[in-house]
Amino acid sequence: MANLVLAVLTARRLARNAAPLVCALALGGLVVLDAAERLPPLAAAAVFVALVGLLVQQARRRAAAIEASALLDLEVGVLLVVATFAVVLRLDGSLDGDAHAALYVVIALVSAFARPGASLLVALAAAALEIAVRSAVAPQGAPLALDAARAAAPHIGFMAVFSVLNAAILRAEIGRVRKASRTHLQAEIDRLRDDARSYRLLSAPAQARGAAQKGDDERLARSGVEEIHQSVLFALRLLRESLDLYTAMLLWQNDTGTHLRISELASDAPNLSEGPFLSGDGVFGAAITQRAPVVIGGLKPGYKLPYYVGPSPVRAVCALPVFEHGQLRGVLVVDRVEDRPFSPRELELIDEACRYAVRAIQNERVFVQLERAKVEQGKLYRAAEALGAATTETGVIEAGVTSAREITSVDFAAVTLYDEAQKVHEIRAVSGDGGAELTGQRFRHNAGLVSMVLQNRHPLPYRGEYDDKRQVVFTRRVAPPSMPSIIVLPLVVHDRPLGTLVLGSRRRAAFNDSVRSTLEVLASHMAVSLSNARMMRRLEELATMDGLTGLLNKRAMLEVADQKITAARRFSRRLSVLVTDIDHFKKVNDTYGHDVGDVIIKGLGDVLRRAKRTTDAVARFGGEEFVVICEETDARGAMLLAERVREELGRTTFHAAGSNGPVQCQVTCSIGVATYPEAGSTWEELFKAADESLYVSKRSGRNRSTAWSPSMRSGSAHPPAAEAPASAKPAAEASAPARPGAAPAARSASAPPAPALPPARSASVPPAGAPAPARSASAPPAGTPAPARSAAGSPAPQRRPPVGGGAPAPSGPDSAPPGGRRVAASSPAPARAPGEAEPRSKPRRPSEADPASKPKTAA
C-alpha cells in the first residue's frame, strides 16, 4: 500500500512539473494545423491568448528564480519559439518571408540566458517545428519529410550559427566579468586582512583556522579596520583644515618593516601614488632612520617626493615617525603648497594627531579582543548548556563533539572511555572517516598518546602537531586517519580519569594556543557531564532494577504494566500476565542456606530473561515470585511460554557453595496465567486472577501451569476441604497473618471465610487435652509414629539430605514427589470450611524493592 501511494504521488508530481512543457508542445501542434489550414478567427485568438498567458506566467517564474532549473529554461524557450512561429505565419503566411529573422533573435536570446542543455533542446524543437510546418504546407503527392528538410536546411543552419556564436561570445563575456569581480573582491578581502594584521587585530593567518573561527575573525577584523579608518580619517581631515595642508597621509609599516603603504589620507592632489613605498625612500627613510620629525621647507618646483607622481606641487613637508609602545609602526606625512615652514606649535598638533591615531588602533584592538573573548565565551556557554542537557553517555559525547566543531575546524573526533580497574581503553564513539572500524575497539594501557594523556593529565601532542610516523594515538593497529593536526584532551573528574577526547583536523596549526585553552575548558565540562550521566544511569538502575537478578523491580513493573494495559485497551490487543513461584523454596533456604537460594533466584531470572520476547517485561515481584507481562499474547501463547519456562527450570541444575561444601540442587516452579480482557481490565484484576491461577497450581501438586478461568472467581475451582477442629482455629488465627488481596476473589461465591490455617511445620503444639491440629492431604497415614518433638514442644530439627542429593525431601503440607504428583493419604483429610484455601508451605515474602509491602500468606 505504501509503495502504491508513493507511486501515485510521484506520478502526480511528474505530471505537475511536465504540464507546461506538454501544453507548449500541444500549442505547437495547433500552430502546425493553422499553417496547413487556417483556424477560425475565434479559435486562433483563443490559442494565441493561451500561448501568451502561459509564456508570461513561465517568464515570471524564470525571472523570480535565483537559479532557475533546466526544465524551466526549456519551457520558456519552447514557448518563445512556438509564439514566434505563430506570429511569423500570421504575418507572412509562410516561413520564407522577412519576419522569419525574428526566430534567429529568439534562438540567440535563449542560448545566451538558458542552460546549455536547455538551449540545445530549444534549437532542436525549433528545427522540428519548422520541418513540421513545411511538411504541412507542402503540395499533395510530394515526399513531405524529405522536401521539408531540404527547404528548412538553410534556416536550421542559421539557427545553429546564431545559437553557438551567441552562447560562446556572451558566455565568455559573462565569465570574464565574473572572474574580474571575484579578483577585485578577493583583493579587497586580502587588503582588509593585511590591514587587520598590521593593526594587530588578527594574530594568525585565517587559513590556519576553522570555518567558524575564520568567519568570526573576518567579521571582527572588518568592523575593526573600518572603525580605525574612520577615526584616522577624522584626525587627518581635522589636521588638514586647521593647518591649511594640501595632503595629510598616514602610512603604516608592514610586518617585515620593508615597505610602507597608505593607511588613510586626506588630500585634493590628483597625482598621488598608491604605493606601496620602500621604507628607506626619501623623506620616509629620513624620518625612520632618525626616529624624529623631519621638516623640509622651501622646496623647488621640480623636487621629487616619493608619494607624488611627477613633480611635487608642495613647498613644505613634514614627516613624523609613529611609535607604539616604543616600536616604530609607521609615518605621518603632511605638506602644504605655501612656502611656509611648520612652527613648533604645528609640530605639536601633528604629534597629537599621531598619538590619537595610535590610541584609536589600540582601542579597536582591545575591543576586538573583547569581542573575540565574548564569542569564545558564547561558544563555551552553548557547549555547557548542551552538555548539561545531555543525560546519557551518548548524548554527552554527541554534544561534546558538536561543540568542538563549533570552536575549531574538526574533521575527526573520537571519545575513549577508560576502565581503571582493568587498565583497558574503549573507543566509544567516532565521528569522521573510519568511524565504523574504530568504534568499539578496545586496547590495553600502552605508550600511545591516549594512555600518556590520562597518565600525565595534560593535552598531547604539543601544539597539536601530529606525525603518524613517529607518534601513536591508540595503537599501531588501531589508528585514526592521517592528519597534520591532532590533539588528545583528558577527561578527568576529581583526579579520576574517565577517558579522552581526540580531535583531528586536515588544516595545519588548527589547534593553536587560544583554541587549545578553549578546548581544555570544553573537555573539563564534558568530563563532569559524563560523570553525571554515569551517576544518573546508576541511579536509574538502582531505582528500576532488582539488585539480585537485574530484572525490573516491583515499582518499575507497575509502571510498565500500566503502560502496556493502556496500549492493549487503546488498540484492542490481547495481553497476558504470568506469575511464577518457586516450589518449596523455604526448604531450600532452610536446608542449604540463603546464599544457595539467591543462586536459584538468579537462575530463574536468567531462564525468564532467555524465554521472553523483546517486547515482554519480566520483573521480580518479591522473594521468589516473578511476573512476566506479554504483549499480543493470548492464553494459549502464554501457556506455551509458561510450560517452556517450567520445563527449562526443571532441567536446570544449580551449583553453589553451601555451608558444607559444593551443592547441586534442582527446583521446580508453579505458574499462574491470566489474560486481558477475560481475566480483568485493570492491573489489579489481572494480577489477582494470575495469583488465583498460581494457587490452583500449588494445590494441584505444584510444578505445573494453570490458566485462569471464570470458575476460579466463583469458587468452584477450589477443591472441598475439611474444616479444622474448633480448638485449632484460635491457634491458626494467631499464627497465620492475613494475605491481602488473594482470597476474597476465590471466596466470592462461598460461605463466610474461616480463619486461615498456618503451615503444619510452623504450627504450635496445642495444650494437653486439646484436639490435634488439622493435617493436610499429604500427612502420614494413620498409625505412623509422630515425629519426635523437643522439650519445648516444637518439632524436632529436620535432618539435612546428603550433599548433591538433588532437591530436598520436603515434609509437611507442601510435600510432593519429584515428578510433581502428590501421594494420596491413607486417612481422610480433616474437614475444612467450604471455599477455604489450603495453607501454603510458607508465608509470602515481602518485596525486597518495596519495604512497605506486607508479606503474603495462604488464604
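Would you be able to tell me the number of residues in the range 394-437 that are open to solvent by 60 Å² or more (accessible area, probe 1.4 Å) and hydroxyl-bearing (Ser, Thr, Tyr)?
Selection size over the range 394-437: 2.
Look at the range 10-49 and say how many of its residues are surrounded by 11 or more Cβ atoms within 10 Å (Cβ to Cβ) and either in contact with a Cys (Cβ under 9 Å, 6 or more places away or on another chain) or small (Gly, Ala, Ser) (or both).
Total meeting the criteria: 12.
Determine if the range 571-578 includes at least one residue that is assigned to a helix (DSSP H, G or I) and open to solvent by less than 60 Å² (accessible area, probe 1.4 Å).
Scanning the range 571-578, I find no residue that is assigned to a helix (DSSP H, G or I) and open to solvent by less than 60 Å² (accessible area, probe 1.4 Å), so the answer is no.
Checking Val696 against (1) free of Cβ contacts under 8 Å to residues at least 40 places away in the same chain; (2) surrounded by fewer than 18 Cβ atoms within 10 Å (Cβ to Cβ); (3) touching a Phe, Trp or Tyr at 6+ places or on another chain (Cβ under 9 Å), only one condition comes out false. Which one?
Failed condition: (2).
So that you can scan it fast, the table gives a plain yes or no per residue for (1) on the phi > 0 side of the Ramachandran plot; (2) touching a residue at least 24 places away in the same chain (Cβ under 8 Å); (3) aromatic (Phe, Trp, Tyr):
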| position | (1), (2), (3) |
| --- | --- |
| Leu250 | no, yes, no |
| Asp255 | no, yes, no |
| His259 | no, no, no |
| Ala287 | no, yes, no |
| Arg291 | yes, yes, no |
| Pro311 | no, no, no |
| Leu320 | no, yes, no |
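From Ser94, Ser119, Ser163, Ser69, grab the single residue that is free of Cβ contacts under 8 Å to residues at least 60 places away in the same chain, open to solvent by 30 Å² or more (accessible area, probe 1.4 Å), hydroxyl-bearing (Ser, Thr, Tyr) and within 25 Å of Ala59 (Cβ to Cβ).
Ser69 is the lone residue from the list that is free of Cβ contacts under 8 Å to residues at least 60 places away in the same chain, open to solvent by 30 Å² or more (accessible area, probe 1.4 Å), hydroxyl-bearing (Ser, Thr, Tyr) and within 25 Å of Ala59 (Cβ to Cβ).
Based on this model, can you work out whether Phe626 counts as of a type outside the set (A, V, I, L, M), modelled with pLDDT under 90 and crowded, with 19+ Cβ neighbours inside 10 Å?
So Phe626 does not fit the description; no.
On the given criteria, is Arg463 assigned to a loop (DSSP other than H, G, I, E, B), open to solvent by 30 Å² or more (accessible area, probe 1.4 Å) and modelled with pLDDT under 90?
Answer is no for this residue.
Quick one: which helices (runs of 4 or more DSSP H) lie wholly within the range 65-140 and hold at least 3 residues that are touching a helix residue (DSSP H, G or I) at 6+ places or on another chain (Cβ under 7 Å) and under 18 Å from Val22 (Cα atoms)?
70-92, 116-137
Within the range 343-393, take every residue that is open to solvent by 40 Å² or more (accessible area, probe 1.4 Å) and in contact with a strand residue (DSSP E or B) (Cβ under 8 Å, 6 or more places away or on another chain) and give me the one that is nearest to Met535 (Cα to Cα).
Result: Gln362.
Please enumerate the residues belonging to the range 72-91 that are of a type outside the set (Gly, Ala, Ser), open to solvent by less than 20 Å² (accessible area, probe 1.4 Å), over 18 Å from Val137 (Cα atoms) and in contact (Cβ under 8 Å) with a residue 40 or more places away in the chain.
Matches in the range 72-91: Asp73, Glu75, Val78, Leu79, Val81.
Is it fair to say Ser514 is within 29 Å of Ser409 (Cβ to Cβ), outside any loop (DSSP other than H, G, I, E, B) and either small (Gly, Ala, Ser) or at pLDDT below 90 (or both)?
Yes: the conditions hold for Ser514.
Of all residues in the range 300-309, count the ones that are open to solvent by less than 60 Å² (accessible area, probe 1.4 Å), part of a loop (DSSP other than H, G, I, E, B) and either free of Cβ contacts under 8 Å to residues at least 24 places away in the same chain or among the hydroxyl-bearing types (Ser, Thr, Tyr) (or both).
1
The rows are residues; the columns are (1) open to solvent by less than 40 Å² (accessible area, probe 1.4 Å); (2) assigned to a helix (DSSP H, G or I); (3) under 18 Å from Lys554 (Cα atoms).
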residue	(1), (2), (3)
Leu604	yes, yes, yes
Val607	yes, yes, no
Arg613	no, no, no
Phe621	yes, no, yes
Leu641	yes, yes, no
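The values are calculated or read from the model by the stated rules, or taken from the named source; none is laboratory data. Predicted model, so just to flag it, every value in this text is computed and none were measured. Neighbour counts are summed over all protein chains in view; Cβ atoms, including those assigned to glycine, are modelled from backbone coordinates with ideal geometry. For the accessible areas, the whole protein counts, side chains as well, though only heavy atoms, and no ligand, DNA or RNA atoms are used. Shrake-Rupley method; radii C 1.70, N 1.55, O 1.52, S 1.80 Å.
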